[in-house]
Amino acid sequence: MRVLVKDLREHVGKQVELWGFLHWRRDLGKIQFLLLRDRTGIVQVVTGGQKLPLPESSLKVRGVVVESPKAPGGLEVQAEAIEVLSPALEPTPVEIPKEEWRAHPDTLLEYRYVTLRGEKARAPLKVQAALVRGFRRYLDREGFTEIFTPKVVRAGAEGGSGLFGVDYFEKRAYLAQSPQLYKQILVGVFERVYEVAPVWRMEEHHTSRHLNEYLSLDVEMGFIESEEEVMDLEEKLLQEMLEEALTGAGDEIRLLEAEWPSFPQDIPRLTHKEARRILKEELGYPVGQDLSEEAERLLGEYAKHRWGTDWLFVTKYPQALRPFYTHPEPDGTTRGFDLLFRGLEITSGGQRIHRYEDLVESLKARGMDPEGFQGYLEVFKYGMPPHGGFAIGAERLTQKLLGLPNVRYARAFPRDRHRLTP
């Protein structure tokens, strides 16, 4: 029966059978050392007189577990038999034991199908999986229903820009840039909904913080009085996500030497107007109407210095900076907000317009044709409740939590302006 590397301590002095990849090898003639890697860790194997295959070959090893202070983890397996399950046919383009995602990003991404096997390369994905697990668990407990919305749509959730067009039989369709319109409709069914799914943005950027396809963690909740309730829920949700990551992927977090954030009892909240005043008057930054990447970074530093936290809500965005469905205020602001983490926006959300007439008026005011949104608008004729929600970019959150130099390392097979493979 197979034994995993993480369980070897329980089998000292006993014979075990290991299945895994040949991570590294060293042949000293009469004695040979190799490292065997499985999904739980790496162990040293000692053998002799073997014809060892190339690294990354799949192996089955039978041997006795012994204590060895010089070996990784303080244990080694003295092999009695090694079976090659599937040999590597050629050397890997990157030496997996020496992989370092800071060193050669283009090479690591080009050969992602094999470089992901490296411990540091796969660690962010394990952390992200734990974050998503915590996301689902908290929302399930709070009475939310997971939904699954179309990813081929007739129109974009935020207008006509940033859309990838596709041919859909005799019609023109688009890849969904957000499940926003559908999750609002489904609030009228379940009241509280969430979705974990990819979305697409056709933006010409090529930066360390943007992807053209990313994993969106979407939440929408009905019968609310204001966007404050949505922010309150997000605070509790994020806290559980971070706790689940520490519990379920603590080894990976330590491997990457990540500076894990503490979570405040209440995340500070600044209005957009006050944030711009601070940037101009206190930080001397000539900010425009919208907050640039540099403005967000400075606000992150400000929150850290003033409140000792990595988290900051910016609220009451102007109508011009929010989508058409954001609930407006009489003073020209909205009930929309962003959440910054370490100076980077990881969430956009707010309360939505829930009355049919107000939505039509908002579309027309922005020069958008309500006819293109009829499938969405129809439900608002039937008593939609006050509601709101937000979306978290999973890769951005993972990147900032782990201090990754590029968001692409937080996705198994990233898609950007120039990358369609692997």
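The values are calculated or read from the model by the stated rules, or taken from the named source; none is laboratory data. Fair warning: this is a prediction, and the values are worked out from it, not measured in the lab. In this analysis, Cβ positions are derived from the backbone assuming ideal geometry, glycine residues included, and neighbour counts consider all displayed protein chains. What goes into the accessible areas is simple: the full protein's heavy atoms, side chains included, and nothing from ligands, DNA or RNA. Shrake-Rupley method; radii C 1.70, N 1.55, O 1.52, S 1.80 Å.
In percent, how large is the relative contact order of the chain, given Cα pairs closer than 8 Å and 6 or more residues apart? Can you show the working numbers first?
Numbers: 796 pairs, mean separation 58.8, N = 422.
Reported relative contact order: 14 percent.
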Discussion item. Could you report segment 188-303's accessible area per residue, 1.4 Å probe, as an integer in Å²?
Written reply: 48 Å²
Worksheet item: What is the extension gain from F413 to R122, computed as 0.36 nm multiplied by their sequence separation minus the C-alpha to C-alpha distance, in nm to one decimal?
Response: 103.6 nm
Practice prompt. Set Lys and Arg Cβ to +1 and Asp and Glu Cβ to -1, take the dipole of segment 130-189 about its Cα centre, and tell me which of G165, Q177, G134 lies farthest positive.
Written response: G134
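Report Rg(Cα)/(2.2 N^0.38 Å) for segment 213-368, keeping two decimals. Don't skip to the end; give the middle numbers.
Details: Rg = 17.2 Å, N = 156, 2.2 N^0.38 = 15.0 Å.
Normalised by 2.2 N^0.38 Å, the Cα Rg of segment 213-368 equals 1.15.
From the Cα trace of segment 59-144, what convex hull volume per residue do you get, rounded to a whole Å³?
Details: hull volume 17.2 nm³, N = 86.
Hull volume normalised by residue count: 199 Å³.
Calculate, for segment 311-422, the solvent-accessible area per residue in square angstrom, rolling a 1.4 angstrom probe over the heavy atoms of the protein chains.
Values: 4230 Å² over 112 residues.
So segment 311-422 comes to 38 Å² accessible per residue, rounded to a whole number.
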Discussion item. Between segment 125-199 and segment 269-301, how far is it from one alpha carbon centroid to the other, in angstrom?
Written reply: 31 Å
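With only Lys, Arg, Asp and Glu charged, each at its Cβ (+1 for the first two, -1 for the last two), find how big the charge dipole of the chain is about the Cα centre; round to the nearest 20 debye. It would help to have the intermediate numbers written out before the result.
Working: 58 positive and 66 negative charges, 263 e Å.
About 1260 debye.
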Worksheet item: Hey, what angle do you get for helix 119-141 against the long axis of the chain, alpha-carbon based, 0 to 90 degrees rounded to 10?
Response: 50 degrees
Item to complete: Pop out the carbon and sulfur fraction of the accessible area of segment 249-375 as a percent, whole number, probe 1.4 Å.
Response: 45 percent
Worksheet item: Can you give the accessible area of S58 in Å² (nearest 10), computed on protein heavy atoms with a 1.4 Å probe?
Response: 30 Å²
Response to the item:
In segment 73-130 the accessible area split gives carbon plus sulfur, as whole percent at 1.4 Å, a share of 49 percent
Practice prompt. Considering the options Q351, G300, P328, tell which one lies farthest towards the positive end of the dipole of segment 293-407, charges being +1 on Lys and Arg and -1 on Asp and Glu at the Cβ, about the Cα centre.
Written response: G300
Item to complete: Compute, for D167, the solvent-accessible surface of its heavy atoms (probe 1.4 Å) with the complete set of protein chains present, and express it in square angstrom to the nearest 10.
Response: 130 Å²
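To the nearest 500 deg cm²/dmol, what mean residue ellipticity at 222 nm is calculated for the chain from DSSP H runs of n ≥ 4 alone, each contributing -39,500 (n - 2.57), summed and divided by the residues?
Values: 11 runs with 116 residues, N = 422.
Mean residue ellipticity at 222 nm (helix-derived): -8000 deg cm²/dmol.
Let a ≥ b ≥ c be the square roots of the eigenvalues of the Cα gyration tensor of segment 91-205; is it rounded (a/c under 1.5), or, if not, prolate (a/b larger than b/c) or oblate?
Numbers: a/c = 3.28, a/b = 1.48, b/c = 2.22.
Oblate shape, in that a/c is at least 1.5 and b/c is the bigger or equal ratio.
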Worksheet entry | segment 105-182 - charge dipole about Cα centre, Lys and Arg +1 at Cβ, Asp and Glu -1, debye rounded to 20 | 300 debye
Worksheet, complete the sentence: Using alpha-carbon positions, the gyration tensor of segment 209-281 gives root eigenvalues a ≥ b ≥ c; with a/c under 1.5 called rounded, otherwise prolate if a/b exceeds b/c, else oblate, the class is prolate
Item to complete: Please say if segment 291-422 is rounded, prolate or oblate, where rounded means a/c under 1.5 for a ≥ b ≥ c the square roots of the C-alpha gyration tensor eigenvalues, and otherwise the choice is prolate for a/b larger than b/c and oblate otherwise?
Response: oblate
Item to complete: May I ask for the angle, rounded to the nearest 10°, between helix 227-248 and the longest principal axis of the chain, with both axes built from Cα atoms and the value confined to 0 to 90°?
Response: 0 degrees
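Multiply the residue gap between E294 and Q265 by 0.36 nm, knock off their C-alpha separation, and tell me the result in nm, one decimal place.
Values: separation 29, 0.36 × 29 = 10.44 nm, distance 2.68 nm.
Computed gain between E294 and Q265 is 7.8 nm.
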